[in-house]
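Below is one structure; the comments refer to it alone.
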Amino acid sequence: MRVRFSDEDVDLGFPGEEALGGSRYAKKLLCDGGSFVGTAGQCMVRASGGAWSAQDSDITGARQLSFFIESVLRPGGRARSMPASALRTLWTVAKPKTPMDDWLHLPQTVAPTGDYTAAERERLRASDPGVDGSPTSIVDSHFVRDLLANGAKPAPFAPAMEPEEWSEAVGVKLTDAKVRTIHGADIVATEAGLQPALQTEYFAAWELEDRPRRICLLTMDMTEDYRPYVGYLNDNIAALQSSFRSKGLPVFTSNWIRRPDDGLYGALDRFYGSAGVRSRENPTYIYLENGTLPMKEIAPTGEEIAAGLTIKSSHLSKRAAAPPVCRRRSTFLLKLRALGVDTLVIVGAWSEDCVAATAFDAVDKYNLDTVVVEDAIGET
């Protein structure tokens, strides 16, 4: 049987072909069919397609090449009664490393406190929502393609800054600019304590225009109770909402609903403490009768409410928002997946609490590209 390994991408379909590492994408395999001798004698194989991919291997100096051929067996030249997709045979062979592996496939130490084993990596790739192609991931960006294209290029980040440069940029005074080495780290002394001598400022490597996107807007916790503090943001937020709605893009609205007597107490309550409720200084809770309602200037539309684009939240991260009947699953996440959203834009309150928690969750836990609009968020 002759097979050809092409470089053409093939979409295996969500959530992906587990035999090829759990990834939704692979490379197209071409085959014209052939024959082999089995328990039923000679079997003719009529191939209808296939795919291949390469993964890390536990064998030093080799990679694992996996592929399948989708086929129909014809024992003795007569077709069996089975669908064309019924037989998928997986081969695994050792592939010698190429010069590319010097930078992409680095030496590993597989140990309880070291690198993952191959089996551990595959389990994560199949189940972790933050991994491309996993069944619970919203986005599959086929990032390995970008690694192969750009991994050998120098990073486009700003060069490392010397102490005098970065200390001025962040407003931290150096108390001793002499570089010292402590436990292998080069450090300098500042008024905020020891800091690395060389520092780099990182930015997102992607731009919104890089690819087609399905974007949604999340207006976070702009409730009437917070009007005296963040009401000045309403004009900027309203302009964004209008733009999204005019393009038919989803606009979500969340509102903070914590009340002193709700019984939903946890670590956040313990952090802010139990004092300051009567004086309404404790920031954990909403105090006005209509305080949990969104400010009218930026409230959700009737259509958005009917479509379920509103979130009552008792958690900083809106990924944790779920009604009592669905405590184990994020309703917000389910809606994003149903809408095909892959990019989240966040505005509202507060930058150091709900905005930060939701943004970090979106990027790290749920594989969403995330934008925080600087002039449309408020902080305490």
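The values are calculated or read from the model by the stated rules, or taken from the named source; none is laboratory data. Owing to the predicted nature of the structure, the values given are computational and were not obtained by experimental measurement. Note that each Cβ is placed from the backbone with ideal geometry, even for glycine, and that neighbours are counted across all protein chains shown. Note: accessible area is taken over every heavy atom of the protein model, side chains too, but ligands, DNA and RNA are not part of it. Shrake-Rupley method; radii C 1.70, N 1.55, O 1.52, S 1.80 Å.
The label-point distance for Asn282 and Asp186, in a model that sets each label 7 Å from Cα toward Cβ, rounds to 5.0 nm. Within the accessible surface of segment 189-238, defined with a 1.4 Å probe on protein heavy atoms only, the carbon and sulfur portion equals 54 percent.
Rolling a 1.4 Å probe over the protein heavy atoms gives segment 160-200 an accessible area of 68 Å² per residue. Put simply, when 212-224, 159-171 are sorted by average Cβ atoms within 10 angstrom per residue, most first, you get 212-224, 159-171.
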